[in-house]
Amino acid sequence: MTSLPLLALVVAAYAALALVAPSWLETVLFSLSLLSGATLWFRGDDLLLVISLVLLGIEISRATSSSSAAILNHVLSLVVFIVALIGFIVMPQLGNTTFFLILLMTLIDVIAGFTVTITAARRNVSYDE
């Protein structure tokens, strides 16, 4: 289960909500009053973006391992990106800026995951001259 890309949960949640309860994504869930006097309104889709950013940070820290589970995670992250990309292109409910940003996070997860793992593997290999 440690191989499951965490961003897959957000992609699945957003797709399900966009199909079943699209109004939830647009509903204001809570607000924060800032010192400047401005009010920061959080809608459902904003909350999913915040969760995605936190999960992306966790995924990047998980990428530092070069175990077989981490490599499987990178492959599955690529699958999540491809599925999200197809959904973004094909499904009108996912063709918006919020899902585009989630899609970009899945791409960053793929690129960072492979880059960090390759860099870590290179450090572990000793070169004899």
Note on Val54: of the conditions (1) touching a Leu at 6+ places or on another chain (Cβ under 6 Å); (2) under 21 Å from Thr97 (Cβ atoms); (3) among the hydrophobic types (A, V, I, L, M, F, W, C), unmet is (1)
Exception for Val11 within (1) under 12 Å from the mean Cα position of the chain (by Cα); (2) within 22 Å of Thr115 (Cα to Cα); (3) among the β-branched types (Val, Ile, Thr) falls at (2)
With respect to Ala63, determine if the residue is under 17 Å from the mean Cα position of the chain (by Cα) and modelled with pLDDT under 95. yes
Log entry, pairs with first residue in region 23-42 being under 18 Å from Phe99 (Cα atoms), second being acidic (Asp, Glu) and assigned to a helix (DSSP H, G or I), beta carbons closer than 7 Å, six or more apart or on different chains, reads Leu25/Asp45
Reported set for region 1-39 where residues are loosely packed, with under 11 Cβ neighbours inside 10 Å and among the aliphatic types (A, V, I, L, M) is Met1, Ala16, Val20, Val28, Leu32, Leu34, Leu35, Ala38
Counting only residues that are under 16 Å from the mean Cα position of the chain (by Cα), touching a residue at least 12 places away in the same chain (Cβ under 8 Å) and farther than 15 Å from Leu6 by Cβ, region 108-123 contains a total of 1
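The values are calculated or read from the model by the stated rules, or taken from the named source; none is laboratory data. Quick caveat: nothing in here was measured; it's all calculated off a predicted structure. Here Cβ is always computed from backbone atoms with ideal geometry, including for glycine, and neighbour counts include all displayed protein chains.
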